[in-house]
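Colleague: This is the structure I have questions about; it appears just below.
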Amino acid sequence: MKKYKYLGFLIYCLNFIDISQIFCDAASAHIHHHRESFEKERTEDGAFNPRSNNHYVNGEHHQEFDHEAILGSVKAAEEFDKLPKEESKRRLEILLTKMDRNKDKYIERNELKSWILRSFSMLSAEESQDRFEDADANEDGKISWEEILQDTYGSDSEDLAIDDKLVNDDKMTFEAADSNGDGYLTAEEFKAYTHPEETPKMFPLLLKQAIADKDTNNDGFIDFQEFLGNRAKGEDKEWLLVEKEKFDHEHDKNQDGRLDDGEILSWLVPSNDDIATDEVDHLFAAADDDHDNRLSYEEILDHHDTFVGSEATDYGDHLQDIHRFEDEL
């Protein structure tokens, strides 16, 4: 049953971007993910990790981020990784015709940024759908709080007691995502639950939780000491100076020594717009060979491995993998 659900979601994604001819044989996309977990974790200071968190790790560049930013799907990116170069370029060229809104055979910065933001939204939908199918134990197409408890924490009462704060926060998130208050989450509501940092209706809850966690003097603001909290214990002076610099120049935008509601949300919620802009800069630096501040189809196809990836495998073997997948269904 879960296999059919996956195929249904794949077809939905293809219709959404109107490029089904590209992925007519992509139903065999491998189920494992580029990254091990699609759950959003927090940074050390409590903010949500930005989507680009794994783009560079310890100075090492990970191309998976670039590929997913173009394709809007981890599964499709994994599929492209296994395609021969010519097939990868053929599919990419079809994508470019969709990306090129003014049909001038060039990809402008604004066109690429719009496409990447669209990809981010599709990636969130895919991540949420994967978890939705895992959590929907009775396969009734909706998620109860009990199913989330089981999926996230298991049934051990001692584990639930240990994670009491996390459980309570998750319950509040569940209730905020449950728009009609019926005690269940539809697929769209579940996306708000799994990606509250990308769902504006969830921002008041994120703000409320952050203030409850850090505003120890109950004045409605978060000052530097409250921002540090228990993280400062055992840290040296250099660490404190770095954190103070970050607080003063990145978070405290009006320079009044404390974070108000808007500044708290700006700290908590990564800006996909800023991330998309950075990704556009990165891809242009890699592919704009003539430095005319636009990408020709030829330039992108010459750098196809930067945008979508591929490897020189036997395409016949790839087709056999597809047939095996279809036979299993």
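The values are calculated or read from the model by the stated rules, or taken from the named source; none is laboratory data. Everything numeric in this text was worked out from a predicted model, so none of it was measured. Note: ideal-geometry Cβ built from the backbone for every residue, glycine included; neighbour counts use all protein chains shown. Side chains included, ligands, DNA and RNA excluded: accessible areas come from the protein's heavy atoms. Shrake-Rupley method; radii C 1.70, N 1.55, O 1.52, S 1.80 Å.
Colleague: Just to verify a number: FRET efficiency for N53 and D256, C-beta to C-beta distance, R0 = 35 Å, to 0.05?
Modeller: With a Förster radius of 35 Å, E is 0.75.
Colleague: Quick check: from the Cα gyration tensor, does the stretch 118-205 come out rounded (a/c under 1.5), prolate or oblate? Could the numbers behind the result be given before it?
Modeller: On the way: a/c = 1.67, a/b = 1.36, b/c = 1.23.
Since a/c reaches 1.5 and a/b is larger than b/c, the shape of the stretch 118-205 is classed as prolate.
Colleague: Output needed for the stretch 179-267: three equivalent-ellipsoid semi-axes, defined as square roots of 5 times the C-alpha gyration tensor eigenvalues, in descending order, whole Å.
Modeller: Semi-axis lengths for the stretch 179-267 are 31, 14, 13 Å.
Colleague: Ranked highest first by average number of other Cβ atoms within 10 Å, how do 284-290, 124-130 line up?
Modeller: Descending packing order for the listed peptides: 124-130, 284-290.
Colleague: Computing the accessible area with a 1.4 Å probe over protein heavy atoms, can you report the carbon and sulfur percentage for the stretch 152-289?
Modeller: In the stretch 152-289, the share of accessible area belonging to carbon and sulfur is 50 percent.
Colleague: So what does the Cα-only Debye profile of the stretch 163-203 read at q = 0.21 Å⁻¹, as log10 I(q)/I(0), no solvent term?
Modeller: -0.60
Colleague: Separate question: Taking a spot 7 Å from the Cα of E44 along the direction of its beta carbon, which residues of the stretch 246-278 have an amide N less than 13 Å from it?
Modeller: Only 246 pass the distance filter.
Colleague: Could you give each residue of the stretch 176-189 its phi-based ³J(HN,Hα) in whole Hz, using Karplus coefficients 6.51, -1.76, 1.60 with θ = phi - 60°, and x for Gly or Pro?
Modeller: Working through the residues one at a time gives 5, 6, 6, 4, 8, x, 8, x, 9, 10, 6, 4, 5, 5 Hz.
Colleague: How much accessible area does L268 have with a 1.4 Å probe, in Å² rounded to the nearest 10?
Modeller: 10 Å²
Colleague: I've got another one for you. Using only Cα atoms, what Kirkwood radius does the stretch 231-297 have, in angstroms?
Modeller: 15.1 Å
Colleague: Another question, then. Using a 1.4 angstrom probe, figure out how much accessible area the stretch 263-304 has per residue, in square angstrom, rounded to the nearest whole.
Modeller: It amounts to 43 Å² per residue over the stretch 263-304.
Colleague: If you don't mind, there's one more thing I want to ask. Evaluate the distance, in nm, between pseudo-label points positioned 7 Å from the Cα of S266 and of E87 along their respective Cα→Cβ axes.
Modeller: Roughly 4.8 nm, to one decimal.
Colleague: With a 1.4 Å probe and all protein chains left in place, how much of the accessible area of the stretch 59-145 comes from carbon and sulfur atoms, in whole percent?
Modeller: Numbers: 1490 of 3290 Å².
Roughly 45 percent of what the probe reaches on the stretch 59-145 is carbon or sulfur.
Colleague: Next up: Which value, in Å², gives the accessible area per residue of the stretch 73-207 when a 1.4 Å probe is used on the protein heavy atoms? Kindly include the intermediate steps, with their values, before the conclusion.
Modeller: Values: 6070 Å² over 135 residues.
Computed with neighbouring chains in place, this is 45 Å² per residue.
Colleague: Would you mind checking which residues have amide H under 5 Å from I222's amide H? H placed 1.01 Å from N; only 5 or more apart, or other chain.
Modeller: Residues meeting the amide H criterion: L259.
Colleague: Could you order F221, F65 by accessible surface area, starting with the largest, using a probe radius of 1.4 Å?
Modeller: Numbers: F221 55, F65 10 Å².
Listed by decreasing accessible area, they come as F221, F65.
Colleague: For S155, S73, what's the largest-to-smallest order of accessible area, 1.4 Å probe?
Modeller: S155, S73
Colleague: Please give the solvent-accessible surface of E108 in Å², to the nearest 10, using a probe radius of 1.4 Å with every protein chain present.
Modeller: About 50 Å², ignoring ligands and nucleic acids.
Colleague: Restricting the calculation to Cα positions, tell me the Rg (one decimal) and the Dmax (whole number) of the stretch 54-168 in Å.
Modeller: Gyration radius and largest Cα-Cα distance of the stretch 54-168: 19.8, 62 Å.
Colleague: Does the stretch 210-253 come out rounded, prolate or oblate by the C-alpha gyration tensor, with a ≥ b ≥ c the root eigenvalues, rounded set by a/c under 1.5 and, if not, prolate when a/b is larger than b/c and oblate if not?
Modeller: The shape class here is oblate.
Colleague: If you don't mind, there's one more thing I want to ask. Using only alpha carbon pairs under 8 Å that are at least six residues apart, calculate the relative contact order of the stretch 72-166 and give it in whole percent.
Modeller: Here the relative contact order equals 23 percent.
Colleague: Specify whether the C-alpha gyration tensor of the stretch 163-318 places it in the rounded, prolate or oblate class, a ≥ b ≥ c being the square roots of the eigenvalues: rounded for a/c under 1.5, otherwise prolate if a/b is larger than b/c and oblate if not.
Modeller: oblate
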